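Step one of this worksheet: look at the structure below.
Computed from the coordinates by the stated procedures, all read-outs in this text should not be read as laboratory data. These figures come from a predicted structure and were not determined experimentally. Note: ideal-geometry Cβ built from the backbone for every residue, glycine included; neighbour counts use all protein chains shown.
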Amino acid sequence: MTKEQHRVTLEDVAREAGVSIMTVSRVMNNTGRISEETRTQVRVVAERLGYRPNRAARTLVTKRTMLIACIMPDITNPYFAEILQGVEDTAWQEGYNVLLMNTNENPDREYAVLSQLDDSTVDGVIACSSRISDEQLIPLLRKHPAVVTINRVLPKDVGSIVLSQRHIGHRAVLAAKYLYQTGRRRIGYLQLVRGSSSFTSFDFVKTLEAEGITIDPAWCRRCPPVWKAGYEQGKMLLEEHPELEAVVGGNDLVTLGLMRAAIELGRKIPDNLALVGADDILISSQVTPPLTTFRMDKYEIGAMASRLLLLRMQGDYTYREMFFPEELVIRGTT
């Protein structure tokens, strides 16, 4: 290593600041009783010399990596991006960085990612909208003392729980009931294909049937939670069932894909086709006509997940299950 490549050490900072190596170490780790004057002096010298803490060495001393992992199914989906922003901002305020692990809606990739993590890699894990089964997920999360899940209920000993909505099918049923009240009778449903979801189009049909609303099962389609799938599946659904007066989408991206397909097929929205989404991502209010959907505070969901994870990392293992309020925002598509 040349002199130009020399890594600045604690010894270098201590020598330049005229203090002991132990004093520098305590300042960098924010431990021990150090006068504010000395603390400032050491930090100024460290900054001037370009000192950067050795993360591996600090981890050995503190037993903390100052990293938390956040597993997301699709970071291109604005719904998850808003949650991630809340996670990151809150963690950053407490001195933690977030290791983002995007699985691209691939259960095998999610399983592989979680298998690689342990408590020597990160101090805690936030698993958002997991796409793998409980049988796969629970053993992987139990490796970590601090876990928070979003949109997934697991046994109480696994971790704190944060939910954005009460049930994946709850909004779909509410949306269909609203559409029925507006006079629409032939209502379709694009059910999201998710590895962990137990709510099916059969449940959708039977739940509404109990409410006195008849839905033909042929009006329901399974659909991956992405725009392209909403466009393709939506187009096939409308071509095969031109009698449909409305469709409920499993999320906003799927519903926006369906909207594009409907417009290409010459359907007039909302005159002869009404649409309801589910997430209230920003673009949903900007399209023409703007999308009727369900609103929730996605940023606060992420922030709360971080706060609960920090509590668990500090030794508070109280089980917490939280439901975030959501409201139907009626816009131009209905």
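Could you give each residue of the stretch 282-289 its phi-based ³J(HN,Hα) in whole Hz, using Karplus coefficients 6.51, -1.76, 1.60 with θ = phi - 60°, and x for Gly or Pro?
Using θ = phi - 60°, the values come out as 3, 5, 5, 8, 9, 6, 10, x Hz.
How much length, in nm to one decimal, is gained on full extension between GLN286 and THR214, taken as 0.36 nm per residue of separation minus their Cα-Cα distance? Intermediate results must be reported in sequence, preceding the final value.
Values: separation 72, 0.36 × 72 = 25.92 nm, distance 3.27 nm.
Once the chain is fully extended between GLN286 and THR214, it gains 22.6 nm.
Using a Förster distance of 56 angstrom, determine the FRET efficiency expected from the C-beta separation of MET322 and GLU11, and round it to 0.05.
On the way: r = 48 Å, r/R0 = 0.86.
So the FRET efficiency works out to roughly 0.70.
How far apart, in nm, are the 7 Å Cα→Cβ label points at VAL193 and ASN104?
Calculated label separation equals 1.7 nm.
Calculate, in nm to one decimal, what ARG185 and ASP89 gain on full extension: separation in residues at 0.36 nm each, minus their alpha carbon distance.
That works out to 30.1 nm of additional length.
Which of the GluC sites (Glu not before Pro) found in the stretch 98-149 are in a DSSP loop and have at most 11 neighbouring Cβ atoms, other than their own, within 10 Å?
Values: sites: GLU105, GLU110, GLU135; in loops: GLU105.
Here no loop site has a sparse enough neighbourhood.
So which DSSP H runs in the chain come out at 15 Å plus along the axis (Cα) with average Kyte-Doolittle of at least -0.5?
Working: long enough: 36-49 (20 Å, -0.76); 78-93 (23 Å, -0.22); 170-181 (17 Å, -0.04); 227-240 (20 Å, -0.96); 252-264 (18 Å, 1.00); 298-313 (23 Å, 0.51).
Result, helices passing both filters: 78-93, 170-181, 252-264, 298-313.
State, as an integer percentage, the relative contact order of the stretch 247-334 based on alpha-carbon contacts under 8 Å between residues 6 or more apart.
Numbers: 113 pairs, mean separation 29.3, N = 88.
Worked out over the stretch 247-334, it gives 33 percent.
Take peptides 219-230, 199-210 and line them up by average Cβ neighbours within 10 Å, highest first, as a rough protection proxy.
Details: 219-230: 20.9, 199-210: 15.7.
The packing order, highest mean first, is 219-230, 199-210.
Take every Cα-Cα pair in the stretch 170-295 and report what % of them are more than 19 Å apart. Don't skip to the answer; put the middle values down first.
Details: 3131 of 7875 pairs.
Value for the stretch 170-295: 40 percent of Cα pairs lie more than 19 Å apart.
Would you mind listing how long the chain runs along its three principal axes, going by Cα atoms, in whole Å with the largest first?
Projected onto the principal axes, the Cα atoms of the chain cover 83, 39, 35 Å.
Could you pull out the GluC sites (Glu not before Pro) across the stretch 229-259 that fall in loop regions by DSSP (anything but H, G, I, E, B) with no more than 14 other Cβ atoms inside 10 Å?
Values: sites: GLU232, GLU239, GLU240, GLU243, GLU245; in loops: GLU243, GLU245.
Hits after loop and neighbour filter: GLU243.
Have a look at SER20, ILE330, SER35 and report the one farthest towards the positive end of the charge dipole of the chain, computed about the Cα centre with Cβ charges (Lys/Arg +1, Asp/Glu -1).
With unit charges placed on the Cβ atoms, the residue in question is SER20.
Grab the beta carbon distance between LEU174 and ASN29, set R0 = 51 Å, and tell me the FRET efficiency rounded to 0.05. Walk me through the intermediate numbers first.
On the way: r = 51 Å, r/R0 = 1.01.
My answer for the efficiency is 0.50.
Go through the stretch 259-334 and name the trypsin sites (Lys or Arg not before Pro) that are in a DSSP coil and have 14 or fewer other Cβ atoms within 10 Å of their Cβ.
On the way: sites: ARG260, ARG267, LYS268, ARG295, LYS298, ARG307, ARG312, ARG320, ARG331; in loops: ARG267, LYS268, ARG320, ARG331.
Qualifying residues, ordered by number: LYS268.
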